[in-house]
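Nothing in this text is a laboratory measurement; each read-out follows from the coordinates by a stated rule. Since we're looking at a predicted model, the values are computed, not measured. Positions of Cβ are backbone-derived with ideal geometry, glycine not excepted, and every protein chain shown enters the neighbour counts.
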Amino acid sequence: MIDLKVNYGGLNLKNPLVVASSGISGNFDLMRRAEENGAAAVVMKTLFEEEYTRSTPTPCFSLIRRESGPMNSTTFYSFEQASPWALERYAREVSRARENLEIPVIASINCVSTEGWLEYSRALEEAGASAIELNRSCPFSTAVLGTGDAWNEKAVETLDLVKQQVGIPVFPKFTPQLSNPLGAALTLQAKGAEGIVMFSRFTGLEIDVEEEKPIMHGGFAGHGGPWSIHYNLRWIAASYPELEIPISGSGGVSSGEDVVKYILAGANNVQLCTSIYMEGFQVIKEYLQYLEEFMQRKGYSSLNEFRGAVCERLIPPQEVDRLRRMVMTIDEKECSECGECAEICYHGAIRASNSYYNIDVETCLGCGLCIEVLKCPALQWKKL
């Protein structure tokens, strides 16, 4: 019998999939759709104290497709702002969701004043929020004050304020643009955070070269996509063995396999956003199905059996086997003599032969770049 349940800082979740704070969690109807498709919890779209953020200009989304030979990528570029509501209206929606949904409803707030943090957190607990996510990392708020010690100090100050006001769990959300996320996590754990969220969107800039100005309303914007998962996995895997509080992983999830990766790295639960925007709420069901099939195939009955498994298999850089054990060869029967591999080989190991290209074993570093870029059947690995 497979058990997908997790405890996230005191919240009992039926599975590890949470809908992240965004436009897809902005009102009761959307949160209900999340629950109907299997989400275990939902983080409401962030309520900002700064009123200018409550109006989103149009358009607010762009898919930036970069194509450069084999180096293709897609970025979800977003200028979507905060919840359009003021505190009273937002609190009513929290109450409505809590009264009609079975899953936990986590309120998300971003304030710039001491009074704001106190008032908003107190009101949302009274409205019935299951927990509060502290969003100091949105790219559209002046509450983002630096990415190093300044961010840490403000995050601790904010946590202290909110913890004094509420008895429900409080989860600080991290910006990915920190120099030492683990250090920040340890500090916030010591200050009483019930869990942490790694990470919010990166802040970026896209430029129209013909107009010579930023796209999307002339400023910075949030950007994410499948490419962002590797940074997040790196810091979750580094943090999980050192922390006693749970980590909610967020960013770059585009498949059920990515959900498994987050759990293997140590995430307690996984927040979904971009994939729902791109494919709809049904991806929640698809990801849960993949997770269950993975566990059945591996013989796991609970998430605890493989959570953080990758952490103990990480090898310190000083212990990496650095001997050259593999080189590349070319099968002359498969070689089309196109010469592309010779152009890619930056250390000059590939040279034209009589009727095909040949690799000098002594010169080949065994880096694997040629076969990764070309996927050519003529290129084959050879053990030394």
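A few remarks follow.
- With Cα atoms, 0 to 90° folded angle of helix 283-298 axis to the chain main axis: 60
- Rg followed by Dmax, in Å, when the range 30-187 is reduced to its Cα trace: 17.0, 55
- As computed over the range 1-112, the Cα convex hull volume per residue (Å³): 166
- Sum of -39500 (n - 2.57) over DSSP H runs of 4+, divided by residues of the chain (222 nm, nearest 500): -9000 deg cm²/dmol
- Positive-end residue, the chain charge dipole about Cα centroid, Cβ charges, pick of 317, 25, 72: 317
- Here the Gaussian network model covers the chain, with springs between Cα atoms less than 10 Å apart; of 239, 301, 83, 301 fluctuates the most.
- Both radii are taken from the alpha-carbon atoms of the range 213-298; with Rh as the Kirkwood radius, Rg/Rh is 1.05.
- The stretch between residue 207 and residue 363, if pulled fully straight at 0.36 nm per residue, gains 52.0 nm over its current Cα-Cα span.
- Whole-Hz Karplus values for the range 374-380 come out as 8, 6, 7, x, 6, 7, 9 Hz, taken residue by residue from phi with 6.51 cos²θ - 1.76 cosθ + 1.60 and θ = phi - 60°; glycine and proline positions read x.
- Formal net charge of residues neighbouring residue 103 (Cβ-Cβ distance under 9 Å; K, R +1; D, E -1): -1
- DSSP finds beta bridges in the chain, and of those with both partners inside it, around 50 percent are antiparallel.
- Loop-resident sites, the range 175-274, for trypsin sites (Lys or Arg not before Pro), counting at most 13 other Cβ within 10 Å (DSSP): none
- Inter-probe distance in nm under a simple model that places probes 7 Å from Cα toward Cβ, at residue 322 and residue 157: 4.5
- Expressed in Å, the radius of gyration and Dmax of the Cα atoms of the range 303-375 are 17.8, 58.
- Pairwise Cα distances in the range 244-384 exceed 24 Å in 56 percent of cases.
- Comparing mean-square fluctuations of 114, 75, 203 from a GNM of the chain with C-alpha springs under 10 Å, the top value falls on 114.
- Distant-in-sequence amide H partners of residue 171 (H built 1.01 Å from N, under 5 Å): 132, 133, 134
- Among the listed pairs 333/375; 261/383; 261/298; 14/191; 5/285, those with a Cα-Cα distance over 23 Å are 261/383; 14/191.
- Scattering curve values for the chain, log₁₀ I(q)/I(0), Debye with Cα scatterers, q = 0.09 Å⁻¹: -0.60
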